[in-house]
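In what follows, a single structure is set out as structure tokens and then discussed.
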Amino acid sequence: MQALQSTSLRSSPLNPLHQKPHNATKSPTQRLSFIKASSSSSTSNSTVSAPKREKDPKKRIVITGMGLVSVFGNEVDAYYDKLLAGESGIGTIDRFDASKFPTRFGGQIRGFSAQGYIDGKNDRRLDDCLRYCIVAGKKALEDAGLGGDNLSKIDKEKAGVLVGTGMGGLTVFSDGVQSLIEKGHRKITPFFIPYAITNMGSALLAIELGFMGPNYSISTACATSNYCFYAAANHIRRGEADMMIAGGTEAAIIPIGLGGFVACRALSQRNDDPKTASRPWDKDRDGFVMGEGAGVLVMESLEHAMRRGAPIIAEYLGGAVNCDAYHMTDPRADGLGVSSCIERSLEDAGVSPEEDEVSFQIVETPPMGKDIGVCVNYINAHATSTIAGDLAEINAIKKVFKNTSGIKINATKSMIGHCLGAAGGLEAIASVKAITTGWLHPSINQFSPEPSVEFDTVANKKQQHEVNVGKMAKAFSLFRILLDLVDTTPSWSFLHSSLEHLASVHLFPCIKAPSIQLVCISRGGSVLLRRDMLKCLVKEASPSFNSGIPGYCSCVVIILSRTTALRFMDR
């Protein structure tokens, strides 16, 4: 939405924030008697203290379920399979007659069914924005092992809902206005106000589930979902909730929604080839493409999740929010505001940018209570395909991450369009799936790349990638810790002590967890320990461990937006 200009709204200049000097010299890894972080900003023989992280299980926030409604359907795995295949969900709008609009295409959801999740009467009444929210929320609970009777096992007074939307029930609102104009006020449905306001998705979901904890919505345009994640985590950390359903929902592909963005001159007009219209970082991009859907996460305290034996998918580490105080829609060209928020989030989450890249070695008898540093090497970008926005975001990233050679960036919106308030939720799920599969989905429609981008944009074809830390603009990203084993043939007792060390520093769920969920051991940074060996290791390390090891990844998330919210997750 960068095209909208106003002579009455002047861009206010800001003094550049002080940037830390970058030392590009990398220090060699040293053989130590414990896990060591070697940093480029230190001398070759000095030990660097890793950033501090939350260790209290009551305040650590984990992700235990994911649910969505998308242009690729309502199943998380099918959704990500389509993304990995580089399939575009963009097509000609047929929900209404768009022939007179200069933009006649979008990421319109077709064939949506709420059967089994919403009763027939309400399904007919509800705005799509609310239907998407309810279905995605219930599917996320099922994914978290809380479907059916299992929901009765939690304290519903400590469970809340925080699902936001940028536009609200736009269809209901538009229909109400039309009824007023054409038929008078007596013909306005009594559901006009309730189904149009932005908090009704959270409210209806809570009513159906009986959740009596914090319940409201946040509406911050493209950053909506991520603000909801940030606020939900804070409710849990303050002890106001044990569990929150959080995310975003949007259904704005209707005449008034399309017309509004056309009036802003924000949309692509590539009507002759809609599937190639969303092309972030391409020289010929001409605006964003509207999308719709919902993306929702189940967030819990680690203590609560472990007590009920929940599947732990990811962990929220921290975040920051700010505003660039610059213009209603235009970003600062230099990215200031966004870059400062990234820096604050990295610090709060205890994650290092790439210039402080660290390497690790484990040897016998690691000390207890030490933290391990990680660094960013993957970004799921906001990347809307707008002229000004794409490069402004890149400039912000470059302010923080000085060396672009080791960082990969991709753009989910190239395939599903810009889902507005739901964008962060849908892209969060895509990023978590990137971690668990080890594959990054492509940024499609990369025909003539902007030379100033200077990143590997995973152009047009998926890539396998071992993620250390991922940062995300407007959605999530991921990180993964690889532990290089110094010993050529490490003993089980050594590996056992290493596992206990990792549990003690709270990088993984503690050693008494019902399942270990996260183990990634490698030699030379590439060869993973075989799964059968890992099962033996886990069994010997602790009888309480579950031998079914689901994956090897973790995730970190940074969220960038016009009103910027950033946060991190690790799995």
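Any read-out appearing in this document is the output of simple, stated calculations on the displayed coordinates, not a laboratory observation. Bear in mind that the values here come from a model prediction, so they are computed numbers and not experimental data. Cβ placement follows ideal geometry from the backbone for every residue including glycine, while neighbour counts extend to all protein chains displayed.
General observations
- Chain lengthening between Asn403 and Lys183 when straightened (0.36 nm per residue, less Cα-Cα): 73.0 nm
- Around the Cα centre of the stretch 119-212, unit charges on the Cβ atoms of Lys, Arg, Asp and Glu (plus for the first two, minus for the last two) sum to a dipole of about 300 debye.
- What you get for the stretch 212-350, charging only the Cβ of Lys and Arg (+1) and of Asp and Glu (-1), is a dipole of about 160 debye around the Cα centre.
- Highest-first packing order for the peptide set 66-74, 166-174 is 66-74, 166-174, based on the mean count of other beta carbon atoms within 10 Å.
- Cα centroid separation - the stretch 228-276 against the stretch 309-347, whole Å: 16
- The Phe447 and Lys58 beta-carbon pair, evaluated with R₀ = 56 Å, returns a calculated FRET efficiency of approximately 0.65.
- Calculated FRET efficiency for the pair Cys323/Ile387, C-beta based, R₀ 30 Å, to 0.05: 0.85
- With a Förster radius of 30 Å applied to the beta-carbon distance between Arg125 and Asp286, the computed FRET efficiency rounds to 0.20.
- When each of Lys158/Lys433; Lys58/Lys398; Lys187/Lys275; Lys55/Lys158 is checked by Cα-Cα distance, pairs over 30 Å: Lys58/Lys398; Lys187/Lys275
- Too-long pairs where the Cα-Cα distance tops 27 Å, listed order kept, from Lys82/Lys156; Lys59/Lys399; Lys82/Lys138; Lys138/Lys461: Lys82/Lys156; Lys59/Lys399; Lys138/Lys461
- Largest-first ellipsoid semi-axes for the stretch 136-279, taking √(5λ) over the Cα gyration tensor eigenvalues, angstrom: 32, 21, 14
- The stretch 394-440: C-alpha gyration tensor shape, a/c 1.5 cut-off, then a/b vs b/c: oblate
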